[in-house]
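What follows is one structure encoded as structure tokens, with my remarks underneath.
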Amino acid sequence: MYDVIIIGGGIIGCAIAYYLSFYNLKVVLLEKENDVSCGTTKANSAIIHAGYDPKPNTLMAKHNVLGSKLTKELCEKLDIPYKQCGALVVGFTEDDLNTINQLYQRGLDNGVEGLEVLSREEVLKLEPNLSDEVKGALWAKTSAIVSPWEYALALAEVAVKNGVELKLNSEVKSIKKDEFFTVETTSEKYNGKYIINAAGVHSDDIHELIGKKEFTIKPSRGEYYLLDKSEGSRCSRTIFQCPNENGKGVLVSPTVHGNLIVGPNAESSEKDDVSTVASSLDFVKNNALRSIPSIDFRENIRNFSGVRARSDRNDFIVEESKSVENFFNLAGIQSPGLSAAPSLALEAVNWLKGKEELVKKENAVDERKRLKLKDLSDENKNELIQKNPAYGKIVCRCESITEGEILQCFDTVIPPVSIDGVKRRCNTGMGRCQGGFCGERITNILIDKLGIKPQEVLQDKEGSNIINSLAKEEH
């Protein structure tokens, strides 16, 4: 019997697990994939928005502004790549400049700090690669960039250390309620007093397993370019165009790992459709060139897409189900969902506090540190290599990741089970060759550490086996 069953291991579910792990509660986090952060969390713009865009007095505005402040604190505690680089919303027309002034006022109403409206000359002084057609911009100094999958993983790791149970490969198939809830998954059944639904694009499906239809998710696919580090200094801040009815528009931004990300578009899609389409990518490219004409798209190293959980409401859905008592929905969490995540998680905790008297644990941990060889001095690197020669063996040339760093992620409370699982933990395969050099070496490490056959090695999710059969039988 669990006190709380959390459904969904994206950034929202992991943040809820993190904050609930500080209390004397028996909590289980159910995730349908073989790792956390496998949905929208790993495929987005990686922006922590300042909070000038949401309409005042909405849940989006409230949780964006508070969430962005909490994110900065959490990233420091959890040793997550984070950079407060700021953002510019650039305008090309008089109408755009009117929109920028409206966003400035909206930001003030929402309580956003560090906002300025800049002239053409001031903008180009900050970002000289911007188009000469720029007429002005809104400068949001508190906007930041982050590594979203590392963020979710760190939250989940701390939660597990504090006693939260993480059940992977556990897709929810049915929910029933008598005195308590019974949740049946593809692996086993779980009984609990409260359910928190953070299932992203499938949150309406999860709710309707037991409740009446109260909202509908209308998924929207966004496609991206990820450019090599050679383009990473094309801009120093996140560059937005003026938002429209389809969202915040195509952005150009540095990443915390030194690349340049460009995107997304916004197209209606199926819930699990993460395909990329040439015509859509052309749209993204052409719009990005309007902001920064000098971007060299020949330096593209990967295209990807993510699906956003838009709903039939114009705001986040943060409420107890109207048809099922003790069932709490965090749904329709589109942008700025990543920015709002910790604030939304605390909202779920507050909901529980209205149901139960929550008692804090005495010895809960709230931080995490990890070894990053790149950050060490040469003296400390050599000292570490003397103790463990694996830290002197480069496996991923593009990102300079060593065997020791890869092996250490298997000693964590949530070890990887796939090539991309290793990638999410230590950044292997993120460089120009996209795993062409390190892929085989990581495959051999997975075979050794997991005790599996070559045919069982996964690229990412279940079923993504990289080898169908062996050309020569092993002896």
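The values are calculated or read from the model by the stated rules, or taken from the named source; none is laboratory data. The shown structure was predicted, so the numbers you read here are calculated from the model rather than taken from an experiment. Every residue, glycine as well, gets a Cβ built from its backbone with ideal geometry; the counts of neighbours run over all protein chains shown.
Here are the numbers for the structure shown:
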read-out: Top-ranked residue in the range 361-391 [being part of a loop (DSSP other than H, G, I, E, B) and in contact with a Lys or Arg (Cβ under 7 Å, 6 or more places away or on another chain); ranked as surrounded by the fewest Cβ atoms within 10 Å (Cβ to Cβ)]; value: 367
read-out: Tally of residues being over 28 Å from residue 428 (Cα atoms) and among the charged types (D, E, K, R) across the range 134-170; value: 2
read-out: All strands (runs of 3 or more DSSP E) inside the range 189-302 with 1 or more residues being under 22 Å from residue 50 (Cβ atoms) and in contact with a Gly (Cβ under 6 Å, 6 or more places away or on another chain); value: 220-227, 238-241, 251-254, 260-263
read-out: Pair list, Cβ under 6 Å, 6 or more apart: the range 105-128 residue in contact (Cβ under 8 Å) with a residue 24 or more places away in the chain, other residue assigned to a loop (DSSP other than H, G, I, E, B) and aliphatic (A, V, I, L, M); value: 112/50; 123/134
read-out: Test: residue 421 is among the small types (Gly, Ala, Ser) and in a loop (DSSP other than H, G, I, E, B); value: no
read-out: Some residue of the range 119-138 being in a strand (DSSP E or B) and crowded, with 24+ Cβ neighbours inside 10 Å; value: yes
read-out: Test: residue in the range 155-163 that is of a type outside the set (S, T, N, Q), outside any helix (DSSP H, G or I), over 19 Å from the mean Cα position of the chain (by Cα) and assigned by TED's automatic domain parsing to the domain that holds residue 37; value: yes
read-out: Residue pairs meeting the criteria (Cβ under 6 Å; at least 6 apart or on separate chains; first touching a residue at least 40 places away in the same chain (Cβ under 8 Å), in the range 375-397; second in a helix (DSSP H, G or I) and of a type outside the set (Val, Ile, Thr)); value: 395/403; 395/441
read-out: Candidates 318, 324 - the one that is in contact with a strand residue (DSSP E or B) (Cβ under 8 Å, 6 or more places away or on another chain) and in a strand (DSSP E or B); value: 318
read-out: Residue 164 vs. criteria under 30 Å from residue 1 (Cα atoms), of a type in the set (Val, Ile, Thr) and surrounded by 21 or more Cβ atoms within 10 Å (Cβ to Cβ); value: yes
read-out: Breaking point among (1) among the charged types (D, E, K, R); (2) surrounded by fewer than 20 Cβ atoms within 10 Å (Cβ to Cβ); (3) closer than 15 Å to residue 333 by Cα, for residue 62; value: (2)
read-out: Qualifying residue in the range 19-40 (condition: surrounded by fewer than 24 Cβ atoms within 10 Å (Cβ to Cβ), of a type outside the set (Val, Ile, Thr) and in a strand (DSSP E or B)); value: yes
read-out: Number of the condition not met by residue 426 [criteria: (1) in contact with a Cys (Cβ under 6 Å, 6 or more places away or on another chain); (2) in contact (Cβ under 8 Å) with a residue 40 or more places away in the chain]; value: (2)
read-out: Residue within the range 407-415 that is among the β-branched types (Val, Ile, Thr), at negative phi and part of a helix (DSSP H, G or I) present; value: no
read-out: Search result, residues across the range 204-250 that are at pLDDT below 95 and touching an Asp or Glu at 6+ places or on another chain (Cβ under 8 Å); value: 242, 243, 248
read-out: Hey, residue 104 in the same structural domain as residue 166 (by TED's automatic domain parsing) and among the aromatic types (Phe, Trp, Tyr) or not; value: no
read-out: Residue count, the range 75-107 (criterion: polar (S, T, N, Q), under 25 Å from the mean Cα position of the chain (by Cα) and farther than 30 Å from residue 365 by Cβ); value: 0
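Condition check ((1) touching a Leu at 6+ places or on another chain (Cβ under 9 Å); (2) of a type in the set (Lys, Arg)) across all residues:
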| residue | (1), (2) |
| --- | --- |
| 398 | no, no |
| 403 | no, no |
| 406 | no, no |
| 413 | yes, no |
| 422 | yes, no |
| 425 | yes, yes |
| 442 | no, no |
| 455 | yes, no |
